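The values are calculated or read from the model by the stated rules, or taken from the named source; none is laboratory data. No experiment lies behind these values; they were computed from the predicted model shown. Positions of Cβ are backbone-derived with ideal geometry, glycine not excepted, and every protein chain shown enters the neighbour counts. For the accessible areas, the whole protein counts, side chains as well, though only heavy atoms, and no ligand, DNA or RNA atoms are used. Shrake-Rupley method; radii C 1.70, N 1.55, O 1.52, S 1.80 Å.
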Amino acid sequence: MPAANVLTFNSDMLQVPQLTESDGEDYVAEGAELPEGTMTWSSLSFPAKKIGRIQWASSEILEDSALDLRNIIGQNLLRDASLRFDADAFNGGLTDPVKGILAQGTVTSLEAGKATVTYDDVADACARVEAMNGSPSVVWASTDMGAALRKEKASGSGEYQGGSPTGSPASTAWGLPVMVSGFLPAKTVVDADASRLFVGIRRNATIKISEDARFTSDQVGFKLTMRVAGVGVAEASSVQVIKAVD
């Protein structure tokens, strides 16, 4: 996702304008008055939601560790927070605290009997994004479909489409990065124009350490908090969700 699409905001609600209808341009005769256009706007509202966690460690384990355990605990807290948001950014429903892209995109279910998504299906999804003047920029695949794409073979040749497994298998499809996510439901591939996705950050992840909170038990507290808002999709056609048959 482009860095410019990660929006910082300073209230309890992120408001993202959404163009719902426009009558486009028209031809005008020389010297004629320009006609007025009509645009209809709505607004997507994303409340700021806090992700938080406290982790405790005894002073003994911190002192006796051969590794920098304070830093390791902090990195694990950051990782867990990012994983939680990643899961919601894909799967959050329209009424959930964090809205996800699957609920806001256009879903195409493959025909009966087709159990895997192929490169041809990804090509079709790219065309659907481009048909609405979008620019496909990323492919996300569930674990099983990421493996299926990697193992897909060219018809009649037996050669892997993604490259030889003894070489360096391709991690792209028509120049788009193919990224595997364990948070996508099985048999799901998403082709998206990431420039049309927006994420809100109310407060960046912050870690604070307290030596006093559990003073009597000689424990150190590590607290992580961050405030985020859900993923906004400018238009449904920019996120093409491909579902294979279960």
Using the basic label-point model (7 angstrom from Cα toward the beta carbon), what is the M1 to R79 distance in nanometres? 2.2 nm
Within the range 1-157, what whole-number % of the accessible surface is contributed by carbon and sulfur, with the 1.4 Å probe and all protein chains included in the calculation? 51 percent
Enumerate the amide H contacts of K114 below 5 Å, restricted to partners 5 or more residues apart or on another chain; note that Pro and chain-start residues carry no placed amide H. V245
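Quick one: pull the percentage of alpha-carbon pairs in the chain with a separation above 26 Å.
Considering the chain, 55 percent of its Cα-Cα pairs are separated by more than 26 Å.
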Specify the longest stretch of the chain that does not include any exposed loop site, a site being one of the chymotrypsin sites (Phe, Trp or Tyr not before Pro) with a non-H, G, I, E, B DSSP assignment and at most 14 other Cβ atoms within 10 Å. 28-173
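Just want to confirm a number: the relative contact order over the chain, from Cα pairs under 8 angstrom separated by 6+ residues, in percent. Walk me through the intermediate numbers first.
Details: 476 pairs, mean separation 75.9, N = 246.
Across the chain, relative contact order equals 31 percent.
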Filter the GluC sites (Glu not before Pro) in the range 42-147 to those in DSSP coil with at most 11 other Cβ atoms within 10 Å of their Cβ, and list the result. E111
Would you please state the base-10 log of I(q)/I(0) at q = 0.14, 0.16 1/Å for the range 102-244, with intensities from the Debye formula using one equal scatterer on every alpha carbon? -0.73, -0.86
FRET efficiency, N204 to A236 (Cβ-Cβ, R0 22 Å, nearest 0.05): 0.15
On Cα atoms only, tilt of 69-91 relative to the major axis of the chain in degrees: 30 degrees
Viscosity 0.890 mPa s, temperature 25 °C, Stokes-Einstein D of the range 5-142 from Kirkwood C-alpha radius, µm²/s: 119 µm²/s
Derived scalar couplings ³J(HN,Hα) [the range 197-214; Karplus, 6.51 cos²θ - 1.76 cosθ + 1.60; whole Hz; x for Gly, Pro]: 10, 9, 10, x, 10, 7, 8, 5, 4, 10, 10, 10, 10, 10, 8, 10, 4, 10
Note to self: C-alpha centroids of the range 192-220 and the range 66-116 sit apart, in Å, by 17 Å
What is the Cα convex hull volume of the range 11-73 when expressed per residue in Å³? 185 Å³
Counting other Cβ atoms within 10 Å of each Cβ, which trypsin sites (Lys or Arg not before Pro) in the range 93-149 have at most 16 and sit in a DSSP loop? K114
Please give, to one decimal in nm, the separation of the simple spin-label points placed at V107 and E25, each 7 Å out from Cα toward the Cβ. 3.8 nm
Between helix 119-131 and the chain: long-axis angle, C-alpha atoms, 0 to 90°, nearest 10: 70 degrees
Enumerate the amide H contacts of S109 below 5 Å, restricted to partners 5 or more residues apart or on another chain; note that Pro and chain-start residues carry no placed amide H. K243
Do any of K153/K243; K50/K114; K49/K114; K223/K243 go past 32 Å between their Cα atoms, and which? K50/K114; K49/K114; K223/K243
Kindly provide the helix-only [θ] at 222 nm of the chain, computed as the sum of -39,500 (n - 2.57) over DSSP H runs of four or more divided by all residues, to the nearest 500 deg cm²/dmol? -6500 deg cm²/dmol
Applying the Karplus parametrisation 6.51 cos²θ - 1.76 cosθ + 1.60 with θ = phi - 60° to the phi angles of the range 142-153, what ³J(HN,Hα) value in whole Hz is obtained for each residue in order, glycine and proline being reported as x? 5, 4, 5, 6, x, 5, 5, 4, 5, 9, 4, 10
